[in-house]
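Colleague: Here's a structure for you.
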Amino acid sequence: MGLRGIVNDVKTWFDWTPVAVSAPVEVYRDYRDKGHVLLGYEVTVNYKYHGERKYLFADDEEKLCMVTRAKARKMAFDFYREKQQKIKGR
């Protein structure tokens, strides 16, 4: 591998170009004491060189009350739209 090949490899380390994104889905977990609890909203993004990454926008309304369910949902959908725009904007 020559210098050109090394430079191309280094470029791919920093190239986080999204190629696919899934709409936010609700993520739940079952607890013995609380039952079926919403953890937040998950968005899955596939990147050209880095594969699949999952992003969770947590709902902590029951714990710290810093992020409400509505705010977590809004952040997830904003992130989803941003990634969609990057895919379409190529």
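Colleague: Per residue, how much accessible area does the chain show when a 1.4 Å probe rolls over the protein heavy atoms, in square angstrom?
Modeller: Here the residues of the chain average 75 Å² of exposed surface.
Colleague: May I pose another question? Taking 0.36 nm per residue of sequence separation and subtracting the Cα-Cα distance, how much length would be gained by fully extending the chain between residue 81 and residue 10, in nm to one decimal?
Modeller: 22.7 nm
Colleague: If you average the sequence gap of Cα pairs under 8 Å that are 6 or more apart and divide by the length of the chain, what percent do you get for the contact order?
Modeller: Values: 136 pairs, mean separation 24.0, N = 90.
Relative contact order comes out at 27 percent.
Colleague: Under the Kirkwood approximation for Rh and a Cα-based Rg, what ratio Rg/Rh is obtained for region 15-55?
Modeller: So for region 15-55, dividing Rg by the Kirkwood Rh gives 1.20.
Colleague: Taking the Cα atoms of the chain, report the difference between the largest and smallest coordinate on each principal axis, in whole Å and largest first.
Modeller: So the extents along the principal axes, rounded to whole Å, are 60, 28, 20.
Colleague: Quick one: which residues, 5+ away or cross-chain, put their amide H under 5 Å from the amide H of residue 59? H built at 1.01 Å from N.
Modeller: Amide H to amide H, under 5 Å and 5 or more residues apart or across chains, residue 59 pairs with 40, 41.
Colleague: Note down the net charge around residue 49, summing +1 for each Lys or Arg and -1 for each Asp or Glu among other residues with Cβ under 11 Å from its Cβ. Walk me through the numbers on the way to the answer.
Modeller: Details: positive: 11, 48; negative: 9, 15.
Its environment carries a net charge of 0.
Colleague: Between residue 53 and residue 29, what's the calculated FRET efficiency when r is the beta-carbon distance and R0 is 22 Å? Round to 0.05.
Modeller: Details: r = 20 Å, r/R0 = 0.92.
Once rounded, the FRET efficiency stands at 0.60.
Colleague: Using Cα pairs under 8 angstrom and six or more residues apart, how large is the relative contact order of region 1-50, in percent?
Modeller: 41
Colleague: With angles folded into 0 to 90 degrees, how steeply does helix 3-14 sit against the dominant principal axis of the chain? Use alpha carbons for both and round to 10.
Modeller: Tilt of helix 3-14: around 10 degrees.
Colleague: Treating only the Cβ of Lys, Arg, Asp and Glu as charged (+1, +1, -1, -1), what charge dipole size does the chain show about its Cα centre? Round to the nearest 20 debye.
Modeller: Computed about the Cα centre, the dipole is about 400 debye.
The values are calculated or read from the model by the stated rules, or taken from the named source; none is laboratory data. Please read all numbers here as calculations on a predicted model, not as lab measurements. Note that each Cβ is placed from the backbone with ideal geometry, even for glycine, and that neighbours are counted across all protein chains shown. Side chains included, ligands, DNA and RNA excluded: accessible areas come from the protein's heavy atoms. Shrake-Rupley method; radii C 1.70, N 1.55, O 1.52, S 1.80 Å.
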